[in-house]
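Shown next, in structure tokens, is the structure this report addresses.
The values are calculated or read from the model by the stated rules, or taken from the named source; none is laboratory data. Since this is a predicted model, take the numbers as computed values, not measurements. Heads up, the Cβs are rebuilt from the backbone with ideal geometry, glycines too, and the neighbour counts pull from every protein chain shown. Accessible surface areas use protein heavy atoms only, side chains included; no ligands, DNA or RNA. Shrake-Rupley method; radii C 1.70, N 1.55, O 1.52, S 1.80 Å.
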Amino acid sequence: MMSRHHRSSSICGGALIARATTILALCAIVSTAIFLPVAMAVDRTKFRTCQQTSFCRRHRHGKSKRLYDYKLVSESVQLHNVKDAVANAAASAAVASEKRGLLSKFLGGYSSSETEQLEDPFARGPPAIFTAKLVNVAPLTSTKLTAQTYGDGCDLSKLSFEEELQLSVHLHEDGVARIRIKEVMEEDSSVRSTPRWTSDELVLNEDEMVAVEEVQAISTNPAIQEKFDESESNNKMPTVEVKNSVSSLIKRANVDSASNNDDNFIVLTYGSNEEQWKLMIQIQPFAVYMFRGNEEDGPPIIAAGTNGLTHFEVRRSKECSTTTTSTVNQIEDKTIMNDVAADTNEDVDRHGGKEVVGYWEDGLAIYADGSREERKEVAVEEDEVDKGEGREERRLEEEEFDTKDMWEEKFGDHIDSKPYGPMSVGMELTFPSSTHLFGLPEHASSTQLKTTAGMDGHHYYKEPYRLYNLDVFEYELDETMALYGHIPLVVSQSVKTGTAGAFWFNPTETFVDIEETPQAGGDMDSRTHFMSESGIVDLFLLPGSDPASLYGQYARLTGRMQLPPIFSLGYHQCRWNYRDEADVYFVNSKFEELDYPYDVLWLDIEHTDGKRYFTWDDKTFPNPIEMQNKLGATGRRMVTIIDPHIKRDNQYYIHKEATARGLYVKDKSGNKDYDGWCWPGSSSYLDFTVEKVRNWWADQFNYDKYKGSTPTLFTWNDMNEPSVFNGPEVSMQKDLLNLNNVEHREWHNLYGMLFQRSTAEGLTQRNEGANVRPFVLSRSFFAGSQRYGAIWTGDNAAEWSHLQIASPMLLGLNVAALSFVGADVGGFFGNCDAELITRWMQAAAYQPFFRGHAHHDSKRREPWMFGDETMVRLRHAAMARYALLPFWYTIFWQAGVSGMPVMRTMWMQYPDIPELYSIDDQYLIGSDLLVKPVTSAGATTSHVLFPLADCWYDVDTMQRVELAGAPGSYVAKTVESGIDKIPVYQRGGSIIPRKLRLRRSSYLMINDPYTIYIALNNELKAEGTLYMDDETTFDHEKRDDYGVATFSSDLSSSIIVQNTVTLGNKSALQESKEERMIERIVLMGIATEPKQITLTTLSSATAIPMEFHYDEESKILVIRKPGVSALDQWTMNLTP
């Protein structure tokens, strides 16, 4: 959210220095500095690369490949009765919870009990249908290498042991296959007696994860097949059919000849008669292939572990890690200890004896005399440079294995103690016959993932995509660097294999390589190599086969987007910071004066009392309730910022109570509350992984606690990666502990989502009956964040390049089913001119979250600041947004029901046109509006790609675009796009609702009538939907109070438009039909004027003639004041 100059302002407002003279000196220096121009450039010394990260360096490019060769132990194979497993799962979970206590609800894994290994009571979702042990049979394993490196004088049994893992396969009725690999627990092991922490309960949508009812298991391995035959739940298959079936799949998978042995495979077939899937498990080396069961040929849709890059670094004792040997690559702990001592001395030297009173966001010190530490350039060590070896298959000698930083790792001045040693997991996924992968947000790069490895070194990026939530100040574009939030979902789109995806369920730091490799038949495969610092291998394979199917599967897996209140879909006006109540009233009155619609006015951190959240500065905002009520009189809401860092001030009630209750994240000893630095200065951070903490935080939003808040006040969660100015990479140390003694490294990427979740719960429960929908904007996120509110792309800049990257970034978020997203209009940093703000406002009006925001060093940027001519253009863009609010609201409702994103890539709607796969400078809203933002200065024309499966109508002229070509292809057409025009087109065959009366806010529009726009397709048909409820409460869920109007048009059957209505069982909308009237129907693409149009309704058998106007030149027919409600069923027929 903020720049380094924001840091200085925060310091001036906080109680960082006790001496008033020191505060005055510091603020005097800072106040001069904040007006200096800022050059956009990320400080790369603050953020690690793969080479500077030991687990990534160890495993990237197959460097550790020879240490891992997993074999499935045939004797351990078990096929479990699904129905019995489901019935026993709840009871097993209850027993385990009682036995393990509070921690059990957060743990995932198997205990030493065979029953618990089967049921996996700490996991969520369908129980395992198939389990087996995996053993690492490589001649030299990671643990053996550790023993050779560190073993002098040690009990080698603690360092070298058989690496056993537990495999479980969980199959869902919608085709999703879950592959889970965990350590085998050992009661006599000091480090493996408890399972690794997993976060199923915090992320997964357990209620909709339904187990498949029947599975057929076969194998030509006699011993395994005998076990399958003994299972009562398994349907037996004749031996010949078994062999033929397995052989067919082996051939389709193009298995390497060394593994191509029928006895080396197990096949699980599941699904129904309508749709089936097959999971083929390779015994050695362990790998998994997924096929669609109703396809007779073609490659698998996904393959996992087929290139030998699966690895699982089992936990091992640290007791011997201080013993040194002469091995070249060992960790020299003496050197590390010397480094620590040197750092201590360096602290004294580098500060020159000055008193340190705080830190900047870049980790540099602030001194008591008001000066600040200057950044020193850090030379990059030779071993920190990735030389780009690519995927070399040359033989590695033992001494070439990287064993550095296994038990302690240093970056900058920070040392990670790594008490459990190396714990990394990884696996390679292959998408055969696919060259288009998407997902892995958030990165400031194209929507399509580009190569980072292979191709003989000619890949696009040098660094893998990094997934580690960070506060990256002044982020750069076209980069794989980590940003504010991440979702480890990859989606493949291919003409040959359709749509498929993989969700790598791991919230620890993760790097992902992307590679394209040629097939023997000439096709190309795409490969992803996931490398995570810790956790388990927990892989969900999503079979698709089309975008709608895949996103339905993902919604059932991670949850559905909550329908937002309609005000949040309007325009939001924000600035860091509106100075005081007078400033707020002026901005609001100016919008009123100009008839410029907006819904929400925002306040940044300066509204608080010294960066103490849930408070107000009583000098600048002395009457917050009155202020909110005045704006609320016209339906306007307000938003205040609340960040997760809590000022360590014993007089501050939030900190005082959090400390007394023991709710903060702890230091690595587990004994002290963690103390980090952020806007208020010295701060502590609540542990949102624990339910009692989330509940306590939610309670703070109650009106009797958050003094000055009202039902029209909502919340902005920023800095929740979490951002810590003096922490490593501007975040928390990885070895900090939560209240259950789980290291921060295990839950880092969850923090922002859990903070937003708890805030949303607080905004909900503060109202009687918990019946008002919340609105929370968050910067950080993870899988499942779609359930809790909106996300924005962070601190962008007022530059054309940032406008250009906005669409690809937002589409990337939508690929990961995070739909309520936006980029700050005009850019946060810097100043934009009239043309840039116009183009940005036009683009953002057709993006899900619509907010203008600016840095305090930026010139005021309200719509009237650019002159009358520009203001009119900006208002026109906003009016287009407000006219379409019924359409946006309907699309958001559909997204919650179906899982399909709101803002869609072209391939989501047109998966059969491969030329559209990589397009990310145009997109669709739902299925019916095609948008091409203008993102370059001085542009008067735009290049639009029109899919010819449909015809298209310009939304401004309502004229059909002249296109020629085959229906299965597309046409590139140059269209006019002067400064008053953004190219937007309605799909032929669609019906879109609008409200055309200009109002000041969405609240004032609720009873306005609709205008229905019908765009006929080539068959003279169209259909569309209008969703209706009270737009504010949960009554649509709690009381079944909603209505859905389904419009259809079919001129071949003489139907102009027909309305079919679905009402909730107890819908109060039935009593408000006259408030949902249709005032106009516009029909585009009708070739001839009808002689007559008549209306029939359920309540009247008599056909009523309708007045209409037809324009022969434009081919547009308009029916005005038809006198019908969107909540009634009726039909309008024409007489040719």
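Observations on the model:
- Counting only helices (runs of 4 or more DSSP H) wholly contained in the range 862-934, the ones carrying 1 or more residues that are hydroxyl-bearing (Ser, Thr, Tyr) occupy 868-883, 885-898.
- Out of Thr715, Thr634, sole residue that is touching a residue at least 24 places away in the same chain (Cβ under 8 Å), crowded, with 23+ Cβ neighbours inside 10 Å and of a type in the set (Val, Ile, Thr): Thr715
- Within the range 1108-1132, the residues that satisfy the criterion of being in a loop (DSSP other than H, G, I, E, B), in contact (Cβ under 8 Å) with a residue 12 or more places away in the chain and open to solvent by 20 Å² or more (accessible area, probe 1.4 Å) are Phe1108, Glu1112, Ser1114, Lys1115, Asp1128, Gln1129.
- Residue match in the range 208-225 (condition: part of a helix (DSSP H, G or I) and under 16 Å from Pro126 (Cβ atoms)): yes
- Selection from the range 431-457 of residues that are outside any loop (DSSP other than H, G, I, E, B) and surrounded by fewer than 24 Cβ atoms within 10 Å (Cβ to Cβ): Gln448, Met455, Asp456, Gly457
- When each of Val742, Val724 is tested for being β-branched (Val, Ile, Thr), open to solvent by less than 10 Å² (accessible area, probe 1.4 Å), touching a residue at least 60 places away in the same chain (Cβ under 8 Å) and over 30 Å from Thr1032 (Cα atoms), the lone residue that passes is Val724.
- Selection within the range 572-611: residues that are within 12 Å of Thr640 (Cα to Cα) and open to solvent by 10 Å² or more (accessible area, probe 1.4 Å). The member of this set that is modelled with the lowest pLDDT is Asn577.
- The lone exception for Tyr1003 - which of (1) open to solvent by 30 Å² or more (accessible area, probe 1.4 Å); (2) of a type in the set (Phe, Trp, Tyr); (3) assigned to a strand (DSSP E or B) it fails: (3)
- Within the range 20-75, tally of residues that are at pLDDT 95 or above and of a type in the set (A, V, I, L, M, F, W, C): 7
- Residue check, Val690 open to solvent by less than 10 Å² (accessible area, probe 1.4 Å) and not small (Gly, Ala, Ser): yes
- Residue that is most open to solvent (accessible area, probe 1.4 Å), among those in the range 529-571 that are part of a helix (DSSP H, G or I) and among the hydrophobic types (A, V, I, L, M, F, W, C): Ala548
For every residue, the table says whether it meets (1) open to solvent by less than 20 Å² (accessible area, probe 1.4 Å); (2) farther than 30 Å from Gln786 by Cβ; (3) not aliphatic (A, V, I, L, M); (4) not assigned by the TED database to the domain that holds Ser534.
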residue	(1), (2), (3), (4)
Asp207	no, no, yes, yes
Glu214	no, yes, yes, yes
Pro222	no, yes, yes, yes
Pro238	no, yes, yes, yes
Leu249	yes, yes, no, yes
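- Hits in the range 765-795 (condition: free of Cβ contacts under 8 Å to residues at least 60 places away in the same chain and touching a helix residue (DSSP H, G or I) at 6+ places or on another chain (Cβ under 9 Å)): Gly769
- Matching residues in the range 745-759 - criterion: being open to solvent by less than 10 Å² (accessible area, probe 1.4 Å) and either assigned by the TED database to the domain that holds Leu467 or closer than 22 Å to Trp696 by Cβ (or both): Trp747, His748, Leu750, Tyr751, Gly752, Met753, Leu754, Phe755, Gln756, Ser758, Thr759
- Residue within the range 466-476 that is under 23 Å from Val42 (Cβ atoms), assigned by the TED database to the domain that holds Ser534, touching a helix residue (DSSP H, G or I) at 6+ places or on another chain (Cβ under 8 Å) and in a strand (DSSP E or B) present: yes
- When the range 284-316 is limited to residues that are polar (S, T, N, Q) and surrounded by 20 or more Cβ atoms within 10 Å (Cβ to Cβ), the one that is farthest from Val176 (Cα to Cα) turns out to be Asn307.
- Selection of the range 1058-1090 for residues being assigned to a loop (DSSP other than H, G, I, E, B) and closer than 23 Å to Glu1023 by Cα yields Gly1064, Arg1076, Gly1085, Ile1086, Ala1087, Thr1088, Glu1089, Pro1090.
- The one condition in (1) open to solvent by 70 Å² or more (accessible area, probe 1.4 Å); (2) within 26 Å of Arg987 (Cα to Cα); (3) part of a loop (DSSP other than H, G, I, E, B); (4) charged (D, E, K, R) that Glu1023 fails to fulfil: (3)
- Checking Gly978, Gly968, Gly926 one by one, the residue that is under 26 Å from His436 (Cβ atoms), surrounded by fewer than 19 Cβ atoms within 10 Å (Cβ to Cβ) and free of Cβ contacts under 8 Å to residues at least 60 places away in the same chain is Gly968 and no other.
- Condition broken by Ala1103, with the remaining ones in (1) within 22 Å of Asp1008 (Cα to Cα); (2) over 40 Å from the mean Cα position of the chain (by Cα); (3) open to solvent by 10 Å² or more (accessible area, probe 1.4 Å) satisfied: (1)
- Taking the listed residues Lys656, Lys672, Lys619, the one that is closer than 29 Å to Pro863 by Cα and surrounded by fewer than 18 Cβ atoms within 10 Å (Cβ to Cβ) is Lys619, with no other qualifying.
- Filter result for Val255 (outside any loop (DSSP other than H, G, I, E, B) and among the β-branched types (Val, Ile, Thr)): no
- Listed conditions (1) of a type in the set (D, E, K, R); (2) outside any loop (DSSP other than H, G, I, E, B); (3) in contact (Cβ under 8 Å) with a residue 12 or more places away in the chain are all met by Arg579, apart from (2).
- So Leu754, is it touching a Pro at 6+ places or on another chain (Cβ under 6 Å) and within 27 Å of Met561 (Cα to Cα): no
- Extreme residue, farthest from Ser807 (Cα to Cα), among residues of the range 420-430 that are in contact with an Asp or Glu (Cβ under 7 Å, 6 or more places away or on another chain) and in a loop (DSSP other than H, G, I, E, B): Pro422
- Failed item, numbered, when Ile991 is tested on (1) in contact (Cβ under 8 Å) with a residue 40 or more places away in the chain; (2) outside any strand (DSSP E or B): (2)
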